[in-house]
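The values are calculated or read from the model by the stated rules, or taken from the named source; none is laboratory data. Note that the structure is a prediction, hence the values are computed from the model and not measured. No Cβ is skipped: glycine too gets one built from the backbone with ideal geometry, and neighbour counts run over all protein chains shown.
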Amino acid sequence: MTPEPQHIVSRYLQQRVLLLSLILLALLFVVTAALARAYHAREDALAKDWADKGNSDLTANKPAMACDDYRNSLSYVPDNPNVQLHLAEALLADGRLTEARSYLANLWDRAPGSGEVNLDLAHVSMRMGDPEQAIRYFRSAILGSWEADSSRQRRKARLQLSEFLLDNRRTNDAQAVIAGIAADTPPENGSAHEENGHLFLRVGDPVKALAEFEAALQTDPQNSEWLAEAAQVAFENGNYSVAENYFSRAVRENPTDDLHASLALVRDVLRNDPFLSGLSEEEQTRRSWNDFQLGLDRLKKCTSTGASSSSSNNASSTLDTLNTDAQDLQKRVNLSALGMNPDLRNEAMQLVSRIEDVTSQICGPATDIDQALKLLKKQQEGIHP
Amino acid sequence: MKERKEPVDGTTAPAPTSDATSEVSNGIGFKWLSPLARSVKLSEGNLFLLLAIIIGIFSGLAVVCFRIAIEWARLALLGSALSPPHIRVLLVPAGAGLVVAFLVQKFFLAARGSGVNQTKAAVYVFDGYVPFRTVIGKFLTCSIAIGSGQSLGPEDPSLQMGAGIASALGRRLKLSRDKLRLLAPVGAAAGLAAAFNAPISAVLFVIEEVIGTWSASALGAIVLAAVSSAVVMRSFLGGEPMFRVPAYTLGHPAELLAYAVLGIVSGVLSLAFTKIIVIFRPILRAQPEWTHYLQPAAAGLLIGLIGLKIPQSMGAGYPYIDQALHSEYTWQILAILGFAKILTTSLSFVSGTPGGMFAPTLFIGAMIGGAIGGLEHQFFPQVSASVAPFALVGMGTFFAGFMRVPITSVFMVVETTGSYSIVLPVMISNTIAYLISRRYQDVALFDILARQDNMELPSMEEQREQIVLRVEDAFRQPNVPPLQASDTLARALEIAETSSEDCLLVRFPTGRWACIARKDLPEIAAKHPKETQLREVLTTARLPILHPDQRLDDALRFIQGHQLLPVIGRAGSRKLEGVISLPDILAAYQRAS
């Protein structure tokens, strides 16, 4: 059937208008696309400028200004997670914990495995007095994903967790975390090992601390600072032979007065230590006798000066007792007796230790050889491994 | 033909013509279309749907350009920082107010106001006619006004621009008057969907506020237009929800009590906000005409003064809503921001500055919600969660109380935030705010504004709540039982003697009903033996049947030409429930009034 002419005309008109509309639509699309591109480019540029300004302000320790800058940036790119994170960090730095937490919670919803977000949330929880939550976030940060340099970031998170645990007196937990840090530290990273060493010292584990300093020295044997640190740990641990080795190397690399003094002290200890392994009987006897004589001299001097200067009756009576014990022992001690009787050598050295302890309390700190004698006590008590 | 009225700006609306011959003769370059026109048959219904998509795309593009224009105006006038320099804050809104007032008064008078009522007027008064000049005027003046920091939003203008684009296309296509009327809401939904990036809310708003009914003929086109415009908008400006909110979970059922309190406060404040606008708008409009050139500038100056201390109260304020949703303000600051925004938005709106109320309403709601949440959290930390969910719920609650669109407000919160978990508190709080607003303000804001503009537009709220009379309210029991088609004439005569009805109902075994007039019975009986069955003598057409739940308006249409109609139950037995006549229907209407 042929359509009526009137309908054809109407349809013709409609199709003409529709076609024109489509052409116009295509033109408008092109124009709008160009406008939108320019608009987005401008927005991106503004967002970047404000974010850069925020970074500068945050670096310059102006967190309040940084917050404004990041907010300006976010008004152009509201979904930029990096700027949101920076804003949260700026808010955190400015002490606006609730606001920071809110931003971070939003970021966490979108990326619960993000190491950075979890670390920041750990900081917020830490500062809001929620240690359990903070620890959970720290652990999530350690296990989480990091955009760049993940091993360094994880180590940073672990270090912060260990610090937090130490501050909260959870030494055992901290020790476990630090052991984890040490296990994951690459052998070639000397400064990381050095840092581990200090952490082990903080949890009271000098043996592992020394091992870390030694691991650090493997990467840079001439590092005078690390040599000194290793020497000091060995020295405080009563491991004087090792300490002497490191002090002497440290002095070679960096001959300071302090290091010289420490080296001299260690050498005094080593020279006077009758219990040092590998010594002959004669040498042990000679050193014991020598130490005993030095102890008696120290007691004598202290009795003459200390007793008069000290107003305390208690000090005087302690010195009297010590003098009595010394006189008793002096009757039995001579070179041949010491040579034949190892128990007597021990007894003599114990008295020397007592003398050094008591005299340092009453007559002031021991110096030079007396200090070395005092340190021998550690050797005697077997503190070192 | 119905006389065509003039739109408010005085532009004469051209009457649509059905004769397109002259147009065709001008289309020299399109002769090749003739074979295509013959081969492609597009019914008006299908054309309407296709048009809805085209309108959606046009509106989406227009709104994208509008949003970009606002942003560029803001950058040019106020700078790129959220807190602009003081000198600009003080001078720019006032200066821009002068420019906008001049443009509006001289060229675009219809661009005044938000645009929602103008679109309603287009549907109900101007046969769907929205001058295209209004689209241009709205685009220009709102870009400058909002970009300069006037406290208004881009959504309602987008709605009107969408309606204008739709109307222009419809006129070009010489659509029928009915279709033209329907096109304005289609375009309005498209504009709003693109502006809000929320197609569901846009569809609901247009249905709740502009057309008032779930008209099947319009719904498909409205949805298509809204979706296509939202797609266009998202492809250019991104598909992310308008606001990014932290995840919400209802901690304790008692938390809902806290949201109920928010509903009460928001209801009261939305009422106060409505009163301010309703009282001051006519006062300012009644001032001499020359003052209309200065009112937006004066409002701008006052806004600038407020903006010196509270820059957040300027412009649409979306970034600050986002900040409130992230608990960035204390409850005291939130309360100050909420009240400041009420003040600045009232100044902008009552001064006649073109711009929308959606964004400021959301802003105020978010701030008030956050403030209530923060306050409750301070005193009842175990009941109230953080500030953010309260700000979120507050947006919808204040919107429900102020705009009086309770369903739209719920979906709007969900769509603009992408958070569905918040629905329960939103529903509770919105309902309370809406009920309070209704209780103390009989007429909704848009209806009052229409009346202030000397237009009596239909109130969608009233329409929704009008008592609908149904057949069950009017039918009665027949005073005699119905006859069967197998009954004899003698039986019919016998029944007729006892009946007072003019018409005796006759039921056929097939379920068909017929009527035999009482006055005709003696004549029929004279022509046929008394034993003749009624089916043999009844030649009248079948009667329409009604059901008790049908609207009485429908019954009124069906009863034309019939004295009595049967009312049949919908259940399987198709039992006669009663009968209904024109006097019964009229009596029911009389009782209801």
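Checked against (1) buried (at least 24 other Cβ atoms within 10 Å of the Cβ); (2) more than 14 Å from every other protein chain (Cβ to nearest Cβ), B:LEU343 meets all criteria but (1). Here is the figure for segment A:166-216: residues that are surrounded by fewer than 16 Cβ atoms within 10 Å (Cβ to Cβ) and either in a loop (DSSP other than H, G, I, E, B) or touching a residue at least 60 places away in the same chain (Cβ under 8 Å) (or both) total 8. When segment B:481-502 is filtered for residues that are aliphatic (A, V, I, L, M) and crowded, with 17+ Cβ neighbours inside 10 Å, the ones remaining, listed by number, are B:LEU483, B:ALA485, B:LEU489, B:ALA492, B:ILE495, B:ALA496.
Listed here are the residues, each with its yes/no results for (1) over 26 Å from A:TYR39 (Cβ atoms); (2) assigned by TED's automatic domain parsing to the domain that holds B:MET357; (3) crowded, with 20+ Cβ neighbours inside 10 Å.
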position	(1), (2), (3)
B:PHE66	no, no, yes
B:ILE70	no, no, yes
B:PHE107	yes, no, no
B:ASN117	yes, no, yes
B:VAL135	no, no, yes
B:ALA145	no, no, yes
B:ASP156	no, no, yes
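Only one entry of B:ILE364, B:ILE422, B:ILE407 meets the criterion of being over 18 Å from B:LEU204 (Cβ atoms) and of a type in the set (A, V, I, L, M), and that entry is B:ILE364. Pairing each residue of segment B:172-185 that is closer than 16 Å to B:PRO131 by Cα and assigned by TED's automatic domain parsing to the domain that holds B:GLN118 with any residue that is outside any helix (DSSP H, G or I) and hydrophobic (A, V, I, L, M, F, W, C), provided the two are 6+ apart or on different chains, yields C-beta distances under 8 Å for B:LYS174/B:ALA20; B:LEU183/B:LEU175; B:ALA184/B:VAL130. Taking segment B:159-241 and the helices (runs of 4 or more DSSP H) fully enclosed by it, the elements with 1 or more residues that are of a type outside the set (Asp, Glu), over 19 Å from B:TYR124 (Cα atoms) and within 14 Å of chain A (Cβ to nearest Cβ) are at B:177-196, B:216-237. Could you grab me the full set of residues in segment A:147-162 that are buried (at least 16 other Cβ atoms within 10 Å of the Cβ) and among the charged types (D, E, K, R)? Across segment A:147-162, the qualifying residues are A:ARG154, A:ARG155, A:LYS156, A:ARG158. When A:ALA261, A:ALA243, A:ALA231 are screened for being buried (at least 23 other Cβ atoms within 10 Å of the Cβ) and over 22 Å from A:ALA182 (Cα atoms), only A:ALA243 passes. Quick check on B:GLN287: is it among the polar types (S, T, N, Q), assigned by TED's automatic domain parsing to the domain that holds B:ALA340, in contact (Cβ under 8 Å) with a residue 12 or more places away in the chain and over 30 Å from B:SER327 (Cα atoms)? Judged against the criteria, B:GLN287 is not a match. Just to be sure before I move on: is B:ILE279 outside the structural domain of B:GLY338 (by TED's automatic domain parsing), part of a helix (DSSP H, G or I) and either farther than 30 Å from B:ALA52 by Cβ or not acidic (Asp, Glu) (or both) in the structure I sent? Criteria not met by B:ILE279. All conditions but one from (1) farther than 19 Å from A:CYS363 by Cα; (2) in contact (Cβ under 8 Å) with a residue 40 or more places away in the chain apply to A:SER262; the one that does not is (2).
A search for C-beta distances below 8 Å between a residue of segment B:547-574 that is part of a helix (DSSP H, G or I) and any residue that is small (Gly, Ala, Ser), counting only pairs 6+ apart in sequence or on different chains, returns B:LEU552/B:ALA474; B:LEU552/B:ALA588; B:ALA555/B:ALA474. Across segment A:163-216, the number of residues qualifying as farther than 19 Å from A:ALA230 by Cβ and of a type in the set (Asp, Glu) comes to 4. Pairs are defined by a Cβ separation below 7 Å, a sequence spacing of at least 6 or placement on different chains, a first member in segment B:52-74 that is more than 10 Å from chain A (Cβ to nearest Cβ), and a second member that is in a helix (DSSP H, G or I) and of a type in the set (Val, Ile, Thr); the pairs so defined are B:ALA52/B:VAL186; B:GLY56/B:VAL227; B:SER59/B:ILE165; B:ILE70/B:ILE146; B:ALA73/B:ILE144.
Take the conditions surrounded by fewer than 24 Cβ atoms within 10 Å (Cβ to Cβ), within 14 Å of chain A (Cβ to nearest Cβ) and over 20 Å from B:PHE358 (Cα atoms) and apply them to B:THR330. Does it pass? Criteria met by B:THR330. Can B:LYS106 be described as more than 30 Å from A:ALA45 (Cβ to Cβ), among the basic types (Lys, Arg) and either in contact with a Pro (Cβ under 6 Å, 6 or more places away or on another chain) or modelled with pLDDT of 90 or more (or both)? It is true that B:LYS106 is more than 30 Å from A:ALA45 (Cβ to Cβ), among the basic types (Lys, Arg) and either in contact with a Pro (Cβ under 6 Å, 6 or more places away or on another chain) or modelled with pLDDT of 90 or more (or both). For A:ASP44, are the conditions met, namely being of a type in the set (D, E, K, R), in a helix (DSSP H, G or I), surrounded by fewer than 20 Cβ atoms within 10 Å (Cβ to Cβ) and more than 11 Å from chain B (Cβ to nearest Cβ)? Yes.
Scan segment B:503-523 and give yes if some residue there is in the same structural domain as B:GLY578 (by TED's automatic domain parsing), under 26 Å from B:VAL468 (Cβ atoms), modelled with pLDDT of 85 or more and loosely packed, with under 13 Cβ neighbours inside 10 Å, otherwise no. Looking through segment B:503-523, none of the residues is in the same structural domain as B:GLY578 (by TED's automatic domain parsing), under 26 Å from B:VAL468 (Cβ atoms), modelled with pLDDT of 85 or more and loosely packed, with under 13 Cβ neighbours inside 10 Å. Considering only segment B:308-327, state which residues are without any contact (Cβ under 8 Å) to a residue 12 or more places away in the chain and either surrounded by fewer than 20 Cβ atoms within 10 Å (Cβ to Cβ) or over 27 Å from B:TYR248 (Cβ atoms) (or both). Within segment B:308-327, just B:LYS309 meets the criteria. Filtering A:LEU91, A:LEU28, A:LEU35 for residues that are facing chain B (nearest Cβ under 9 Å), modelled with pLDDT of 90 or more, surrounded by 13 or more Cβ atoms within 10 Å (Cβ to Cβ) and over 25 Å from B:LEU75 (Cα atoms) leaves a single hit, A:LEU91.
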